[in-house]
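What follows is a set of notes on a single structure, which appears directly below.
Any read-out appearing in this document is the output of simple, stated calculations on the displayed coordinates, not a laboratory observation. For clarity, every value in this text was computed on a predicted model and none was experimentally measured. A quick note on method: Cβ atoms are made from the backbone with ideal geometry, for glycine too, and the neighbour counts reach across all protein chains shown.
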Amino acid sequence: MDFFNEIVNLINLEGITKEEIAQTLTVSTDTTKGDFCLPCFKFSKILKKSPQAIADSIKESIINSGKKLVFLNEIQSISGYLNFFIDRKVYATQILSTILSDPENYGRNTMGNGKTIVIDYSSVNIAKPFHIGHLSSTAIGSALYKIFNYLGYKVVGVNHLGDWGTQFGKLISAYKRWGNDEDIEKRKLTALVELYVRFHKEAEENPALDDEGRYWFKKIEQGDKEALAIFDKFKKITLSEVAKTYKRLNVTFDSFAGESFYIDKMQPVLDKLEEKNLLTESNNAKVVNLDKYNLPPCLIIKSDGTSLYTTRDLAAAFYRKKTYDFYKCLYVVAYQQNLHFEQLFKVLELMDCDWAKDMEHIAFGMVSLESGSIKTRKGNFILLEDVLDEAVKRTKQIIREKGTVLENEDEVAEAIGVGAVVFSVVSNSRIKDIVFSYDKILSFEGESGPYLQYTFARTNSVLNKGKYKNCDADFSLLIDDSSYSLIKTLNRFPAVIEESAKRREPYIITRFLLETAQEFNKFYIDNKIISEDESLTKARLSLTKAVSSTIKIGLSLLGIQCPEKM
Ligand code: ARG
């Protein structure tokens, strides 16, 4: 039953449409004043009656209508407000039977059926370690992937690898000069980064090196066997290294088509740009002029004839439209690239791609660590791997300090530590810059991942202790304030998931879960869940089960694991 609409249907006011009533009816925050409230002030002018008189007349007409109002307990007309009190027994029964009919799929729906969403996220660069800068794209993109999937969309996750550009020529040149296979085998990306850094240092003194770098990149472009073999090796090393991190983060992709994939797919795009007369020459380079739109010119072909990041993104956009026929194509990329995406989308629009409107840049802010809170293994990079390890290490300490003995301590510490790091990213509005501290993200009491996991584990232990089997219970016993308030919160979950998808903001789910956990903990303190009273015990266990599965679904949509015990 949709209580809101039921109430809207009850209210008949001549001269006022149902839409206006629906817009005016609010969900009360203070439950002593009812569950829904209709302030009658704005109707006063139209109806030429006082708000109080209007409220009185609506109340009277509802009562006189003779309709059976099973779900309403009381209607109050006070100072121009009409307050509706829902019958808590009906409410509890209605909501909990819905959730518990299929608790593992609560909130799942089919609104996205038949629609494909492409999400470009993480998109790491070859021969570079997975650093903290790629965490947000990875965690936010992966959460959006799971959320849209839950709503019935077909989702295609793309890791648009950064695997093209002159830097790879330089890397090959460095490798040819100083590379040592054994060392690379052992230290992987660290060794590759060192080679790259050394190249730059030496090139300062010996500029001829740059020519050598260009020479090797030309070789890659020409498909030279040796160059490609070396480059392929670097790519394999990078992918197998980042795969470890993806596994820890519980992140997957459907495609790893990176920049190099589009090299042979750019010509048709260039032809189309020519055909539409969009290209102009500027210092031997080819650009699309965007003066009219208050944007700098978009560089398409460099003066030496080579392509750019944007050129490859143009080709990728066409490829994705053709291959997936997407309903939306999302790019989860830091706000530093705002201009790049503005230009990209504008050029597509000028090329008369009607689907340019379906491309969205899902921007996010920077993540940094409190200074001094981490030692990096090498260089200026803050490696994500190091951050995860540190979080896991500290989690173990906390578990031991608490005196908890767990047979699978390593597993649990991994789930909590990694979960805490992911949570710190998905619990903020995307665009906010984040500075995180280990103490804050690992706090079991604060607004943190561990707090939610802990609440889940607590529901689980109650369910085990009470030997919860099924939802065969009398939910109408759950009418005390904290039970009622908790059920009301749970009822919002489906709408919360949709809202989070609509705004492309995972934090909407995070915030909801924190509220649910707080409500549950209040319910837990106010009520003895397992008692002598068998019916009441069953009912309270059922509510606990509803909370438990809701938290689990919510966390898994964010890519965070739920240990059964902690
Ligand atoms: N590899 C790029 C970077 O690390 C991100 C690529 C984002 N995706 C795209 N289609 N441009 O900054």
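Starting from segment 448-507, pick out the trypsin sites (Lys or Arg not before Pro) whose DSSP state is loop and whose Cβ has at most 13 other Cβ atoms within 10 Å. Loop-located and lightly packed - 467, 469, 503. Placing +1 on the Cβ of every Lys and Arg and -1 on the Cβ of every Asp and Glu, with nothing else charged, gives the chain a dipole about its Cα centre of roughly 400 debye. Legend: distances between Cα atoms for 265/357; 33/552; 188/302; 201/233; pairs beyond 28 Å are 33/552; 188/302. Among the helices of the chain, those built from whole DSSP H runs whose Cα atoms reach 30 Å or more along their own axis and whose mean Kyte-Doolittle hydropathy is at least 0.0 are 534-557.
With Cβ to Cβ distances under 14 Å as the rule, what net charge do the other residues near residue 325 carry (K, R +1; D, E -1)? With Lys, Arg at +1 and Asp, Glu at -1, the net is +4. For residue 119, the residues whose modelled amide H falls within less than 5 Å of its own, excluding neighbours fewer than 5 places apart on the same chain, are 156, 157, 158, 330. Using the Cα gyration tensor of segment 419-548, with a ≥ b ≥ c the square roots of its eigenvalues, what is the shape: rounded (a/c below 1.5), prolate (a/b larger than b/c) or oblate (neither)? Prolate shape, in that a/c is at least 1.5 and a/b is the bigger ratio.
What does the C-alpha gyration tensor say about the overall shape of the chain? Classify as rounded when a/c is under 1.5, otherwise prolate if a/b is larger than b/c, or oblate.
Oblate.
Once you reduce segment 25-60 and segment 191-209 to the center of their Cα atoms, the two points are 74 Å from each other.
Straight-line reach from residue 440: taking Cα to Cα under 18 Å and skipping same-chain neighbours fewer than 8 places apart, the lysines in range are 393, 396, 402, 432. Averaging Cα coordinates gives a centre for segment 488-549 and one for segment 340-355; these two points are 44 Å apart.
Does segment 453-496 come out rounded, prolate or oblate by the C-alpha gyration tensor, with a ≥ b ≥ c the root eigenvalues, rounded set by a/c under 1.5 and, if not, prolate when a/b is larger than b/c and oblate if not? In terms of gyration-tensor shape, oblate.
So for the chain: antiparallel DSSP bridges make up what percent, rounded to the nearest 5? Antiparallel: roughly 55 percent of the beta bridges in the chain.
Close amide-amide hydrogen proximity is noted between residue 434 and 366, 367, 368, each under 5 Å apart and 5 or more residues distant or on a separate chain (H modeled in the peptide plane; Pro and chain starts excluded). Peptide packing: for 105-115, 433-443, the average count of neighbouring Cβ atoms within 10 Å per residue gives the ranking 433-443, 105-115, highest mean first. Counted by neighbouring Cβ atoms within 10 Å, the residues 451, 145, 327, 196 run from fewest to most as 327, 196, 451, 145.
Evaluate E = 1/(1 + (r/R0)^6) for residue 370 and residue 534, where r is the Cβ-Cβ distance and R0 equals 60 Å; express this FRET efficiency to the nearest 0.05. Taking R0 as 60 Å, the efficiency between residue 370 and residue 534 is 0.70. A straight line joining the Cα centroids of segment 391-467 and segment 215-261 runs 34 Å.
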